[in-house]
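The block underneath contains the structure these notes are about, expressed in structure tokens.
Throughout, read-outs are computed from the coordinates displayed, never taken from laboratory work. Everything quoted here is computed from the prediction, not taken from an experiment. Because the Cβ atoms are built from the backbone with ideal geometry, glycine has one as well, and the counts that use them run over all protein chains shown.
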Amino acid sequence: MQAVILAAGLGSRLGALKGEKPKGFLQPKGLTESLIGRSIRLLLECGIEEIIIVAGFRAEYYENLAIEINAKLNTTKIKVVKNEAYDHTGSAKSLECAKAFLKEETLVLESDLLYEKQMLEIMINHPSANLILASNATKSGDEVFLECSDEFLPRLLALSKNKRDLNRIDGELIGICKLSKETFLGLMFNKVCDYEYLLVGLEVLRIDDGIWCEIDDREHLKRTEDKIIPRLKNKEIE
């Protein structure tokens, strides 16, 4: 199985907090590694055979990281591809940039995520070839809300950051999904700006009380350091 990490964004809402680097290199207090470094480590520990980082803003940081990790592990598993139009396109375009590397079933992740390893293991071992990982309410701010079908294996009907756009709320998007090669190649990348809207119709797996967050701004970072990282550390001790 492969993994694609979407990492081309400017991360402008973090401002000076991320310095000159892309936001994937953010290292919240309490972590011993950056967000992107942690994701790569966990993916490799879970047996992912190839990791494709789609970079854009300050792509050289990701390129140097890939060189460093590949040399350290004596591998070529980490690759970087550029979205040259990162400053005026969205994540759908970044996802499209990974098409040329596609060989098999693929996990898609966002670079600004912090999450427990169990989430990757669940996605990798789940029998569905196409799957969206969701959570119960986090009240974290800037959530992407999901409306799903009533089937035994619910499917995504609609998503929005505005609750009023949906008939009901069935969960929140985490930012981790799994796509078969066939589904990936059939996505209509030019129809949307944000890749999440390409996922409508896919199965949704909701995990309640999972440990995760995204870090888009100062408030997210504070919540991460005050609430999420202590929970992660406690889980790792258990």
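Between the stretch 167-238 and the stretch 18-79, how many Å separate their Cα centres?
A separation of 18 Å, based on Cα centres.
If you plug each phi of the stretch 47-52 into the Karplus form 6.51 cos²θ - 1.76 cosθ + 1.60 with θ = phi - 60°, what whole-Hz ³J(HN,Hα) values come out, in order, with x for Gly and Pro?
x, 5, 8, 8, 10, 10
How high is the relative contact order of the chain, given as a whole-number percent (alpha carbon pairs under 8 Å, six or more residues apart)?
23
What size of dipole, in debye to the nearest 20, comes out for the chain about its Cα centre when the only charges are +1 on Lys and Arg C-beta atoms and -1 on Asp and Glu C-beta atoms?
Computed about the Cα centre, the dipole is about 440 debye.
Would you mind classifying the stretch 134-238 by shape? Square roots of the alpha carbon gyration tensor eigenvalues, ordered a ≥ b ≥ c; an a/c under 1.5 is rounded, otherwise it is prolate if a/b is larger than b/c and oblate if not.
Judged from the Cα gyration tensor, the stretch 134-238 comes out prolate (a/c at least 1.5, a/b above b/c).
In sequence order, what are the phi-derived ³J(HN,Hα) couplings for the stretch 146-159 according to the Karplus relation 6.51 cos²θ - 1.76 cosθ + 1.60 with θ = phi - 60°, rounded to whole Hz, with x for glycine and proline?
Going residue by residue, I get 10, 10, 10, 6, 8, 5, 4, 10, x, 10, 6, 9, 6, 8 Hz, with x marking Gly and Pro.
Would you pull out the residues with amide H under 5 Å of residue 4's amide H, same chain only if 5 or more places away, H placed 1.01 Å from N?
Those lying under 5 Å, H to H, from residue 4 are 52, 107, 108, 109.
Run the helix sum for the chain: -39,500 (n - 2.57) per DSSP H stretch of 4+ residues, divided by residue count, reported at 222 nm to the nearest 500 deg cm²/dmol. Mind dumping the intermediate values first?
Values: 7 runs with 63 residues, N = 238.
Only helices count here, giving -7500 deg cm²/dmol.
When ranked by the protection proxy of mean other Cβ atoms within 10 Å per residue, highest first, what sequence do the peptides 71-78, 198-205, 225-232 form?
Going by the mean number of other Cβ atoms within 10 Å, highest first, we get 198-205, 225-232, 71-78.
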